[in-house]
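Single-structure report; data block below.
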Amino acid sequence: VIQAVVDNVHWQMSLDRKTTALKQLQGHMWRAAYTTGHVKGEIFEDVVPAIRKWREAGMKVYIYSSGSIEAQKLLFGYSTEGDILELFDGHFDTKIGPKVESESYRRIAASIGCATNNILFLTDVPREANAAEEADTHVAVVIRPGNAGLTDDEKSYYSLISSFTELFLPTST
């Protein structure tokens, strides 16, 4: 039975499945790795200064990830930049809904008391960008080393950034 569970987890991971149960299991495994110092969340060097600038301008910053909220807090609490959890106003995971469904973005907006058209969603996944856009959020696709490539149509359709410093956001809350 144990081997069947292990095989199933490996299969789900090989397909990059985003199931809540798999992400929770990964979160439990990561907790042990992070708290013992064996793993640190890697943060691109442009991220923290940009988020600090946005927060100083009165903006709120939330994380919406296919990783569980617990995993998000581990990644940002034990990061290469130290504990940066104070930079975030909240966290969302697939319990709010799949990232490829527009209703998930509407639920987030309702949860934080914000109109969807006052939200900028950053992602590296075109299907997520499409769902967020369908919910009337602003979208930028982030191009980073190791991300999946984009089609020519996706490259020409979406706003693309390779660094958070490329975002010029209006001051608002």
Taking a ≥ b ≥ c as the square roots of the Cα gyration tensor eigenvalues, with a/c under 1.5 meaning rounded and otherwise prolate when a/b beats b/c or oblate if not, the stretch 128-173 comes out oblate
Any residue on another chain or 5+ positions along whose placed amide H is under 5 Å from the amide H of Phe92 is listed here as Ile63, Tyr64, Ser65
Going highest first, how would you order 41-47, 116-122 by mean Cβ packing within 10 Å? 116-122, 41-47
For the chain, set up a Gaussian network in which alpha carbons nearer than 10 Å are linked by springs, and say which option among His28, His38, His138 fluctuates the most. His38
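Can you give the % of DSSP beta bridges in the chain that are antiparallel, to the nearest 5?
10 percent
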Round to a whole number: what % of the accessible area of the chain belongs to carbon and sulfur, probe 1.4 Å? 54 percent
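Could you sort 100-110, 148-158 so that the peptide with the highest average Cβ count within 10 Å comes first and the rest follow in order? Working shown, then result.
Details: 100-110: 17.8, 148-158: 11.6.
Final packing ranking: 100-110, 148-158.
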3J(HN,Hα) from dihedral phi, the stretch 29-39, Karplus parametrisation 6.51/-1.76/1.60, rounded to Hz, x for glycine, proline: 5, 5, 3, 5, 5, 5, 5, 8, x, 6, 9
I'd like the Karplus ³J(HN,Hα) series for the stretch 156-162: coefficients 6.51, -1.76, 1.60, θ = phi - 60°, whole numbers in Hz, and an x wherever there's a Gly or Pro. 7, 7, 8, 6, 10, 9, 10
Tell me the mean residue ellipticity at 222 nm calculated for the chain from its helices only (DSSP H runs of n ≥ 4, each -39500 (n - 2.57), averaged over every residue, nearest 500). -13000 deg cm²/dmol
Got the relative contact order for the chain handy, in percent, Cα pairs under 8 Å and 6 or more residues apart? 19 percent
So with the 1.4 Å probe, I'd like the accessible area per residue for the stretch 20-137, rounded to whole Å². 52 Å²
Excluding Val141 itself, calculate the net charge of residues whose Cβ lies under 13 Å from the Cβ of Val141, where each Lys or Arg counts +1 and each Asp or Glu counts -1. -3
Taking Rg and Dmax of the Cα atoms in Å as the quantity of interest, determine which of (1) 16.7, 50; (2) 16.7, 55; (3) 18.0, 54 was computed from the displayed structure. (2)
Residue separation between Cys114 and Val61 times 0.36 nm, minus their alpha-carbon distance, gives in nm 17.9 nm
Which length gain, in nm to one decimal place, applies between Glu81 and Gln3 when the Cα-Cα distance is subtracted from 0.36 nm times their residue separation? 24.3 nm
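The values are calculated or read from the model by the stated rules, or taken from the named source; none is laboratory data. Computed from a predicted structure; not experimentally measured. Because the Cβ atoms are built from the backbone with ideal geometry, glycine has one as well, and the counts that use them run over all protein chains shown. The accessibility values were calculated without ligands, DNA or RNA, using every heavy atom of the protein model including side chains. Shrake-Rupley method; radii C 1.70, N 1.55, O 1.52, S 1.80 Å.
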